[in-house]
1. With springs connecting C-alpha atoms under 10 Å apart, model the chain as a Gaussian network and identify which of F380, F128, F91 has the largest mean-square fluctuation.
2. Taking all protein chains in place and a 1.4 Å probe, what share, in percent, of the accessible surface of region 271-354 do carbon and sulfur account for?
3. Could you please state how large a percent of the accessible area of region 1-146 is carbon and sulfur, counting protein chains only and using a 1.4 Å probe?
4. Could you tell me how many cubic angstrom of Cα convex hull volume region 59-199 has per residue?
5. Could you provide, to the nearest whole Å², the per residue accessible area of region 339-402 with probe 1.4 Å?
6. What area, in nm² and to one decimal, does the C-alpha convex hull of the chain cast on average over all directions?
7. Write down, largest first, the equivalent ellipsoid semi-axes of region 108-186 in whole Å, where each equals the square root of 5 times an eigenvalue of the alpha-carbon gyration tensor.
8. If you build the Cα gyration tensor of region 356-405 and take the root of 5 times each eigenvalue, what three semi-axes come out, in whole angstrom, biggest first?
Amino acid sequence: MATDIKDIAHAVGATAVMGLLPARPRMLALGEPTHGEDALLDLRNELFRQLVEQEGYRTIAIESDCLTGLAVDDYVTAGTGTLDEVMERGFSHGWGASAANRELVRWMRTYNVRADNDGRPASERLRFAGFDGPLEITHAASPRQALTALHGHLAARVDADLLPCTAETLDRLLGTDDRWTDPAAMTDPSRSVGQSAEAGQLRLLADDLVALLDALTPHPITAASRDDWDRARLYGRTATGLLRYHRWMADTSPARMTRLVGVRDQMMAHNLLAVAERGPALVHAHNAHLQRAKSSMRMGGTPVEWWSAGALVSARLGEEYAFVATALGTIRHQGVDTPPPDTLEGLLYALPEDRCVIGAPRLATALGGTRPVPRVSPWFGYAPLDPAHLADSDGIVFVKDVPQR
């Protein structure tokens with residue numbers, strides 16, 4: 001492909017990324033096309049540091065469990081626990097083992113503690129958020145933690161008569177957690193408790209608890225109590241989302257997997273909208289969770305399509321949501337070699353820079369009526385960019401070669 005795009009490619013950095021956008025977004029989403037490569041997380045860390053220092057960003061949200069992520073936020077803001085402890089229990093999906101994630105948490109804590117050791121004012125502290133649900137590919141968590149935490153928050157603030165149930169009732173209906181977390185339920189709906197009578201009652205009670213919390217919104221919220229209120233809202237979102245997810249795990253219709261992946265991204269979107277209320281934030285996750293176009297994949301040989309968290313958030317925030325996808329040249333240790341020259345990745349691979357950022361609209365203009373051929377990855381863990389959706393992103397970060405492990 002003979003298109004010359006050298007003049008519209010720039011070194012990766014906060015200034016270059018912001019230069020692609022009409023205004024500073026409230027939510028800047030940086031996608032990745034594969035998981036588990038620290039080279040991409042190092043790039044994310046570098047960009048976040050620049051956004052903090054140059055653009056006033058104060059929050060980073062990553063594709064990790066929203067509840068376990070609270071431990072990381074407590075550590076970086078207040079020094080609760082130790083770095084080893086939060087890396088072990090503050091991340092899902094195995095992300096706590098990443099050296100790049102460890103460096104991110106260490107740097108955030110260091111930034112929040114000024115040289116005089118008094119700590120930065122609350123308004124200047126960096127915040128961490130996981131925005132995924134308590135979900136793994138093999139199972140979903142029990143709703144116990146979220147439900148009981150929400151109930152406890154309300155029980156400490158309202159008369160008992162206003163609560164829809166007691167803590168004992170919740171405990172009885174929940175039963176043992178292994179009823180909810182049975183891995184067999186992912187492939188066998190009959191093993192799920194998501195459509196049991198108890199689960200149905202819990203969904204109604206969760207709805208009542210969330211409604212009661214919402215009714216308390218006008219109550220004066222001080223700076224000290226804002227975090228408690230935000231966490232209670234998180235517990236409410238997570239409880240209702242998990243119960244909805246478990247309901248679809250028990251479903252036997254052809255829509256089962258479509259609804260499951262859709263519910264997961266809805267949970268992500270609701271968490272991201274809450275993060276956006278704090279002010280500008282950098283979000284990092286797989287491209288498929290952050291893109292504006294409809295996401296798709298094959299599960300068990302069946303094509304599944306759904307609207308991603310990014311698409312849902314973009315519909316709400318408009319131009320205050322920006323999405324920059326990441327594309328890769330090679331991941332040789334996974335069998336992903338030099339991209340064919342007629343693909344989008346092949347076009348970018350011909351550039352001299354090892355890393356660059358390029359505006360997607362300007363790239364689309366440069367390509368004119370010539371559309372690159374979709375790249376086919378020999379490895380299931382890497383998802384090449386779809387040239388048909390080029391106009392749906394604001395920019396592309398390109399990394400030529402992922403270092404071999």
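1. Maximum among the listed residues: F380.
2. Values: 1660 of 3280 Å².
Taking all protein chains in place, region 271-354 shows 51 percent carbon and sulfur surface.
3. Numbers: 2810 of 5900 Å².
Here it works out to 48 percent.
4. On the way: hull volume 19.3 nm³, N = 141.
That works out to 137 Å³ per residue.
5. Numbers: 2880 Å² over 64 residues.
I get 45 Å² per residue for this part.
6. Working: hull surface 83.9 nm².
For the Cα atoms of the chain, the hull's average projected area reads 21.0 nm².
7. On the way: eigenvalues 241, 107, 14 Å².
Here the semi-axes work out to 35, 23, 8 Å.
8. Details: eigenvalues 97, 41, 17 Å².
So the three semi-axes of region 356-405 are 22, 14, 9 Å.
The values are calculated or read from the model by the stated rules, or taken from the named source; none is laboratory data. Just so it is clear, the model here is predicted, and its values are computed rather than measured. Remember, those area values only see protein heavy atoms, side chains included, never the ligands or the DNA or RNA. Shrake-Rupley method; radii C 1.70, N 1.55, O 1.52, S 1.80 Å.
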